[in-house]
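Worksheet for the structure shown next.
What follows is calculated from the coordinates using simple rules that are stated; it is not laboratory data. Keep in mind the model is a prediction, meaning the values are calculated, not measured. When we count neighbours, we look across all protein chains shown, and the Cβ atoms used for this are built from the backbone with ideal geometry, even at glycine.
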Amino acid sequence: MNDPAPDPTSAAAAPSPAVRVSAFAPLEHPTFRMLWLAWLAANACMWMNDVAAAWLMTTLTTSPVMVALVQAASTLPMFLLGLPSGALADILDRRRYFMVTQIWVAAVALITCAVLLAGEMSASLLLLLTFANGIGLAMRWPVFAAIVPELVPRAQLPAALALNGIAMNASRVIGPVIAGALIASLGSAYVFVLNALLSVAAAVLIARWRREVKVSALPGERFLGAIRVGVQYVRQSVRMHAVLLRVALFFLQSTALLALLPLVAKALGGGAGTYTLLLACLGLGAVFAAAQLQRLRQHLDRDQLVMWGSAIQAAATVVVALSPSVLLAAAAMLVAGMAWISVANSLTISAQLALPDWVRARGMAIYQMALMGGSAAGAAWWGKVAGWTDLRTSLVAAALFGLAALAATRHLRVEGGPEEDLTPTPVWKAPQTSQPIDPSAGPVLVTIEYRIDPARAAEFRAVMQETRRSRLRHGALSWELFRDVGDPARYVEQFVDESWVEHLRRFDRVTAAEVALRERRLAFHLGPEPPVVRRCVAEPLRA
């Protein structure tokens, strides 16, 4: 029988025993190593741009709000454009799309350099150019997040994501140090020149990747339809709900330290060198912790890492706020970096494991939107609080907010229970039709008739509740379960897909977890014959 829509929300097969994987094992794969270097270069560019822009803003204005808005302008595009970018990354060739993002960043860096050398830079224009650079970051992040699981075995995915964290945070050290040296010796304009050169170099590395493209007989997804299905998938994923809320709240609080760091450096009596030192310490702490995460996970699960990491990050923020010396503030920044990567990496792994490949870029884009939305809102809000009160009050308030949010969401779990096995398992064949059907024809009504022992009706309804989430996660417009009033053993499942081609996509997206749930459904069905499946396509009528 062809069960038309697999069910991802089901309990998967029992997870395999944990296998100890070296923290650097993914680097043994040449393609991952090459793209990891491109990711390192891309993030170095990002931090160089942010450092140069943030410090440049302190020379253009003394307003704490404007300084904090540099961080908001950098992250807001990722909130606004993350989902469209994720949809494009799932529809288009990911290699070419990744290259385009680097070319965009290089172009913005060259424009920024030209404006600076012409002496026409203003605070408002700097925010606009920072926003434009953020557009490139918004385009880049979802596609790289979707690429990583293609490059390494599933067992190495946590290590690969930790290495990505190392790249991001090593760049947090490398980028600010280079930017600080260039600002002190040659001026901010040359930071953007180097940014453009590194972005082009990253694009060249990406061009060398020979990605194996999976060819489908079905036409590509439409842009708006892809966005709808991506949102619907995440809406029906309980695990993603917990991840999104936790990441938004954590970055709403933790971004205060990063956004106000230039003012912290000035309050400590320092200049660009002090700012670079503090930012580099944050990165060094994150790099060190990322290299130790595999060991930490042997003692703490992801929920515990999120809880302790959030609490320690908040405490480190208070120490930085009240620190009387650069040395103490630098030490606290090291601790904050270690806590930050522990939380961010744990939440990223949870999001990756909750998403199948066909919707991964869209799902990770929504994750990015929650993260960057929290960052942008936090940067703007805590900057405003600093303007109303003072720098110390704002940072301490942010830390207290983080602890309160942690207590309020302690019941949400990002790990626990069986992990779904989202390995592609194309075991079902598309249905045969008596005549050709236009792919755009629809909507498509699907009904499946089950015969169930009335004594087991409650158990069956529980499984069908999981089935409902599954059908909707795959894009169904509606779903219902009906019971025959004249025959208590007869149940009819009914759902509607947008079109015939959208219905056929279900058969390309089957995972092992969905096969397992189908078997659980069929275990309730009575009789030697399988459930009766009927598919009906809407018939257009003249007005």
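Quick one: which of 266-274, 227-235 comes out on top by average Cβ neighbours within 10 Å, and what's the full order, highest first?
The peptides rank, most packed first, as 227-235, 266-274.
When the gyration tensor of the range 444-537 is built from Cα positions, what are the square roots of 5 times its three eigenvalues, in whole Å, from largest to smallest?
Gyration-tensor ellipsoid for the range 444-537: 22, 15, 12 Å.
Through the Karplus equation 6.51 cos²θ - 1.76 cosθ + 1.60, θ set to phi - 60°, convert the phi angles of the range 58-64 into ³J(HN,Hα) values in whole Hz; use x for Gly and Pro.
These are the phi-based 3J(HN,Hα) values: 5, 8, 9, 7, 9, 6, x Hz.
Taking the dipole about the Cα centre of the chain, with the C-beta of Lys and Arg at +1 and of Asp and Glu at -1, give me whichever of PHE79, TYR233, LEU391 is farthest to the positive side.
The Cα lying farthest towards the positive end belongs to LEU391.
Could you order peptides 496-504, 296-304, 431-439, 366-374 by the average number of other Cβ atoms within 10 Å of their residues, highest first?
Sorting 496-504, 296-304, 431-439, 366-374 by mean packing, highest first, produces 366-374, 496-504, 296-304, 431-439.
Which ³J(HN,Hα) values, rounded to whole Hz and listed in residue order, are derived for the range 251-265 from phi using the Karplus coefficients 6.51, -1.76 and 1.60 in 6.51 cos²θ - 1.76 cosθ + 1.60 with θ = phi - 60°, glycine and proline given as x?
6, 4, 7, 6, 5, 4, 5, 5, 5, 9, 4, x, 6, 4, 4
Hey, what's the per residue convex hull volume over the C-alpha atoms of the chain, in cubic angstrom?
Per residue, the Cα convex hull of the chain comes to 178 Å³.
How much mean residue ellipticity at 222 nm does the chain get from its helices, if each DSSP H run of length 4 or more adds -39500 (n - 2.57) and you divide by all residues, to the nearest 500 deg cm²/dmol?
Estimated from H runs of four or more residues: -23000 deg cm²/dmol.
In nm, to one decimal, how far is the LEU526 label point from the ALA538 one, both placed 7 Å along Cα→Cβ?
Once both label points are built, they end up 3.7 nm from each other.
Please report the orientation-averaged projected area of the range 343-456, defined via the convex hull of its C-alpha atoms, in nm².
14.1 nm²
Arranged from highest to lowest average of other beta-carbon atoms within 10 Å per residue, in what order do the peptides 451-460, 175-184, 390-399, 122-131 appear?
Listed from highest to lowest mean packing, they are 175-184, 390-399, 122-131, 451-460.
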